[in-house]
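Have a look at the structure below, then the notes.
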2 protein chains.
Amino acid sequence: MLKRKAEAADRLFHALADANRRAVIERLTRGPATVSELAAHLGVTVAATVQHLQVLQDSELVRSEKNGRVRTCRIDPAGLRSAEAWLQRQRTAWEHSLDRLGAVLDDRTKESGS
Amino acid sequence: MLKRKAEAADRLFHALADANRRAVIERLTRGPATVSELAAHLGVTVAATVQHLQVLQDSELVRSEKNGRVRTCRIDPAGLRSAEAWLQRQRTAWEHSLDRLGAVLDDRTKESGS
């Protein structure tokens with residue numbers, strides 16, 4: 001279970017570690033787009049765009065649906081939330097440990113002053 | 001400039017896309033640790049730990065300093081903040097675009113009702 005969670009986090013951050021995939025996310029935050037529109041936006045082929053979309057869908061960063069011959073993509077909030085939550089947890093834990101260190105230093109200052 | 005920024009973001013998310021490197025960050029949020037302590041925590045060799053630390057330092061996720069023969073590592077908040085800021089921007093942009101869509105749908109409902 002923990003291993004599966006770690007693999008999902010590996011996939012998620014790997015999906016974000018590519019400028020074209022981040023550009024797809026940035027575009028989709030402004031509204032849905034078709035695969036052709038995304039390819040034009042990136043300036044790459046439709047085939048390359050489809051590959052990027054596959055990686056983004058596997059990480060729940062993007063979802064898509066097909067109507068006739070047109071596939072429309074939109075943001076899947078699950079991936080963004082999951083990555084943000086991990087980072088927030090780390091920052092909060094780090095800030096708490098700084099607070100504890102600050103309290104220890106305050107106590108020592110008081111002790112040496114008394 | 002933009003290209004350099006994109007490369008830095010690529011490096012940052014790539015650094016986070018590894019369970020051992022995330023485990024180093026999780027450990028260091030609780031306080032500084034030496035390279036040997038981190039190697040023991042991960043259950044890998046010191047050499048492998050040093051390689052992971054290099055990747056983390058290149059992305060400003062970890063900083064370290066050497067006192068005599070002992071290298072002590074701690075969290076560098078710059079990397080965590082930068083990754084969190086990018087994700088927050090995407091989520092905020094997406095929520096705004098949902099709000100705009102909601103407003104358009106509300107207007108249409110009112111128009112069809114009047």
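A few points about this structure:
- Inter-chain Cβ neighbour count for A:90-96, averaged per residue, equals 6 (cutoff 10 Å, partner chain atoms only).
- Placing +1 on each Lys and Arg Cβ and -1 on each Asp and Glu Cβ, with no other charges, gives segment A:2-113 a dipole about its Cα centre of roughly 440 debye.
- Given charges at beta-carbon only (K, R positive; D, E negative), |dipole| of the protein assembly as shown in Debye: 340
- Near B:R71, the amide H atoms lying under 5 Å from its own belong to B:V35; only residues 5 or more places off or on other chains count, and H is placed 1.01 Å from N.
- Whole-angstrom Cα spans of chain A along principal axes, big to small: 79, 32, 20
- All lysines inside 25 Å of A:K66 as judged from Cα atoms, apart from same-chain residues fewer than 8 positions distant: none
- Across peptide A:16-24, the mean count of Cβ atoms from other chains lying within 10 Å of each residue's own Cβ comes to 5.
- Relative contact order, percent, segment B:2-113 [alpha-carbon distance under 8 Å, six or more residues apart]: 24
- By the helix-only formula, in which each DSSP H run with n ≥ 4 contributes -39500 (n - 2.57) and the sum is divided by residues, chain A has a 222 nm mean residue ellipticity of -24500 deg cm²/dmol.
- Heavy-atom accessible area, probed at 1.4 angstrom with all protein chains present, ranks B:R100, A:R11 as B:R100, A:R11, highest first.
- Taking 7 Å steps out from each Cα toward its Cβ at A:V44 and A:E95 produces label points 3.5 nm apart.
- Distance from the Cα centroid of segment B:57-108 to that of segment A:3-68 is 19 Å (rounded to whole angstrom).
- Accessible surface, per residue, of chain A when the full set of protein chains is kept, probe 1.4 Å, Å²: 60
- Between chain B and chain A, roughly 2700 Å² of accessible surface gets buried, counting both sides and using a 1.4 Å probe.
- Over all other residues within a Cβ to Cβ distance under 10 Å of B:T72, the charged ones net out to +2, with Lys and Arg as +1 and Asp and Glu as -1.
- Ligands, DNA and RNA aside, B:K3 has an accessible area near 150 Å² when probed at 1.4 Å.
- Residues A:V104 and B:A19, FRET efficiency given R0 of 30 Å [Cβ-Cβ distance, rounded to 0.05]: 0.45
The values are calculated or read from the model by the stated rules, or taken from the named source; none is laboratory data. Everything quoted here is computed from the prediction, not taken from an experiment. For neighbour counting, all protein chains shown are included, and Cβ atoms are generated from backbone atoms with ideal geometry for every residue, glycine included. Heads up: the accessible areas ignore ligands, DNA and RNA and are worked out on the full protein's heavy atoms, side chains in. Shrake-Rupley method; radii C 1.70, N 1.55, O 1.52, S 1.80 Å.
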